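S.K.: Please see the structure below; I have some questions.
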Amino acid sequence: MNTTNMSNNDRYFQTTNFYQAVFLFAKGVELVNVDKTISARRATFVFVNCPEIEELLQAFDYGKENDPSVMVDIRKIAVATRTLKEKLYQDQF
C-alpha cells in the first residue's frame, strides 16, 4: 500500500512509502517529521511541500531508466536511507 497525500492546506506532503521518502530526501526535499503514532507497524514521513514535489513524485513513479530526473548520487541515497532509518528506530529501545 502506498499512501501519499497533502495536508494542512497543502503545506506538507506525507507518505508511508519508505523508498519514496528516501528519494525525496535524497533530492533535497525538507523532512519535517517521522510520525509513528498513527500505526505501530507503519510510519508516515512528513515533508515540506515544495513546487517541484509533483515532478519528483512523477519521476519516482513513472520515470524511465537512465532518465536524469530519477538519477541520484548513490552517496545521497545511502545518507538518506541511513538518516530515515535512524529516525524510524530512535526511541524504540
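S.K.: Go through region 73-90 and give me each residue that's farther than 17 Å from residue 32 by Cβ and under 14 Å from the mean Cα position of the chain (by Cα). First the steps, then the outcome.
M.R.: Applying the first criterion (farther than 17 Å from residue 32 by Cβ) to region 73-90 yields 73-79, 81-82, 85, 89.
Selection gives 76, 77, 78, 79, 81, 82, 85.
S.K.: So which residues in region 59-68 are exposed (fewer than 15 other Cβ atoms within 10 Å of the Cβ) and either farther than 21 Å from residue 16 by Cβ or within 13 Å of the chain's Cα centre (by Cα) (or both)?
M.R.: Answer for region 59-68, where residues must be exposed (fewer than 15 other Cβ atoms within 10 Å of the Cβ) and either farther than 21 Å from residue 16 by Cβ or within 13 Å of the chain's Cα centre (by Cα) (or both): 61, 64, 65, 66, 67, 68.
S.K.: Have a look at 93, 45, 25 and point out the one that is part of a strand (DSSP E or B) and either within 10 Å of the chain's Cα centre (by Cα) or modelled with pLDDT under 95 (or both). Explain how you work it out, then say what you get.
M.R.: Working: 93 fails: part of a strand (DSSP E or B); 25 fails: part of a strand (DSSP E or B).
Unique residue meeting the criteria: 45.
S.K.: May I pose another question? Take the conditions within 13 Å of the chain's Cα centre (by Cα) and hydroxyl-bearing (Ser, Thr, Tyr) and apply them to residue 37. Does it pass?
M.R.: Details: within 13 Å of the chain's Cα centre (by Cα): no; hydroxyl-bearing (Ser, Thr, Tyr): yes.
In short, no.
S.K.: Please list, ordered by first then second residue, the pairs with beta carbon atoms under 6 Å, 6 or more apart or interchain, first in region 17-37 and in contact (Cβ under 8 Å) with a residue 12 or more places away in the chain and buried (at least 20 other Cβ atoms within 10 Å of the Cβ), second charged (D, E, K, R) and outside any strand (DSSP E or B).
M.R.: Between residues of region 17-37 that are in contact (Cβ under 8 Å) with a residue 12 or more places away in the chain and buried (at least 20 other Cβ atoms within 10 Å of the Cβ) and residues that are charged (D, E, K, R) and outside any strand (DSSP E or B), the close pairs are 26/76.
S.K.: Within the set of pairs 6 or more residues apart or between chains, which connect a residue that is closer than 14 Å to residue 12 by Cα inside region 44-67 to a residue that is modelled with pLDDT of 95 or more and among the acidic types (Asp, Glu) with Cβ atoms less than 7 Å apart?
M.R.: Short answer, once both residue conditions are applied: 47/30; 48/30.
S.K.: Scan region 69-85 for residues that are in a helix (DSSP H, G or I) and either within 12 Å of residue 20 (Cβ to Cβ) or of a type in the set (Val, Ile, Thr) (or both) and report the count.
M.R.: So the first thing to find is which residues in region 69-85 are in a helix (DSSP H, G or I), and the list is 74-85.
Restricting the remaining residues to those that are either within 12 Å of residue 20 (Cβ to Cβ) or of a type in the set (Val, Ile, Thr) (or both) gives 74, 77, 79-81, 83-84.
Residues meeting the conditions: 7.
S.K.: Can I ask one more? I'm told residue 11 meets every condition in (1) among the charged types (D, E, K, R); (2) modelled with pLDDT of 95 or more; (3) over 15 Å from residue 87 (Cα atoms) except one. Can you identify the failing condition by its number?
M.R.: That leaves (2) as the condition not met.
The values are calculated or read from the model by the stated rules, or taken from the named source; none is laboratory data. Quick caveat: nothing in here was measured; it's all calculated off a predicted structure. Note: ideal-geometry Cβ built from the backbone for every residue, glycine included; neighbour counts use all protein chains shown.
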